[in-house]
Amino acid sequence: DAVNVDVDQKGLGVLWAKWLIDHVPNGGKILEVRGVAGTSVDTDRHAGIAETLKASGKPFAVTEVVGKWDDGVAQKAAADAFATNGPFAGITVQGGDTGVVRALMDAKQPFVPFAGETENGFRKLCADYAADGLKCTSAGTGPAQVAVAIKVAIAALEGQVVPQSIKFPTAVVSDPDFKKDANYF
């Protein structure tokens, strides 16, 4: 009875982890800021990250905190992690990325490779601080997902047969390709 219009969430975790593996080539401590506990999105993304880091054979030690896809909650969780387990060699965040970058700056931690969501504020920070060492990839659901979901819902209500699952391509931009008025506004 449900129709799912989404990106490949596990694939998104794989993408972030592969990017970190490329940018933290010797392994190291990674901060993973997770989403809302118990949701399939959080579980799938985490599985993609964990499986890919482990399969790399490199010595990654992951500290997990819960950010609930919220800038304020993620900022507080990251600040606590920086104080107790930092510094980290890399960071991956499911949402609330802007808060995590702010926590990194507030803690006066060095910028490290950062794999995060398709959040406008995060992308702005990635562009603004790239010259200072903040190297990012930003990947997730593009804005067209909402429009397609509405079109699919209308089609279903009109009696048309629609697929049970519609997977979008993942929207990705990585350093040095952040462009104002194209990838962020």
- prompt: Here are Ala61, Ala115, Ala47, Ala103: which of them is within 22 Å of Gly28 (Cβ to Cβ), touching a residue at least 12 places away in the same chain (Cβ under 8 Å), open to solvent by less than 40 Å² (accessible area, probe 1.4 Å) and in contact with a strand residue (DSSP E or B) (Cβ under 7 Å, 6 or more places away or on another chain)?
  reply: Ala115
- line: Gly99 fails exactly one of (1) touching a helix residue (DSSP H, G or I) at 6+ places or on another chain (Cβ under 8 Å); (2) within 14 Å of Trp19 (Cα to Cα); (3) not β-branched (Val, Ile, Thr), namely (2)
task: Say whether the condition of being closer than 22 Å to Val172 by Cα, among the charged types (D, E, K, R) and either within 14 Å of the chain's Cα centre (by Cα) or outside any helix (DSSP H, G or I) (or both) is met by at least one residue in segment 89-101.
output: yes
query: Which of the residues spanning segment 165-178 are open to solvent by 60 Å² or more (accessible area, probe 1.4 Å) and within 15 Å of Gln145 (Cα to Cα)?
result: Ser165, Lys167, Pro169, Val172
message: Going by what's in this entry, would Gly121 be described as closer than 20 Å to Trp69 by Cβ, in a loop (DSSP other than H, G, I, E, B) and not β-branched (Val, Ile, Thr)?
response: no
- prompt: Looking at segment 146-164, is at least one residue of a type in the set (Asp, Glu), more than 23 Å from Lys68 (Cα to Cα) and assigned to a loop (DSSP other than H, G, I, E, B)?
  reply: yes
statement: Taking first residues from segment 138-160 that are open to solvent by 40 Å² or more (accessible area, probe 1.4 Å) and second residues anywhere that are in a loop (DSSP other than H, G, I, E, B), the pairs with Cβ under 8 Å that are 6 or more apart or on different chains are Ala153/Val3; Ala156/Val3; Ala156/Val162
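The values are calculated or read from the model by the stated rules, or taken from the named source; none is laboratory data. A quick note: this is a predicted structure, and the numbers were derived from the prediction, not measured. Please note: Cβ atoms are built from the backbone with ideal geometry, for glycine as well, and neighbour counts cover all protein chains shown. Each accessible area value is taken on the protein alone, full model and side chains, heavy atoms only, with ligands, DNA and RNA left out. Shrake-Rupley method; radii C 1.70, N 1.55, O 1.52, S 1.80 Å.
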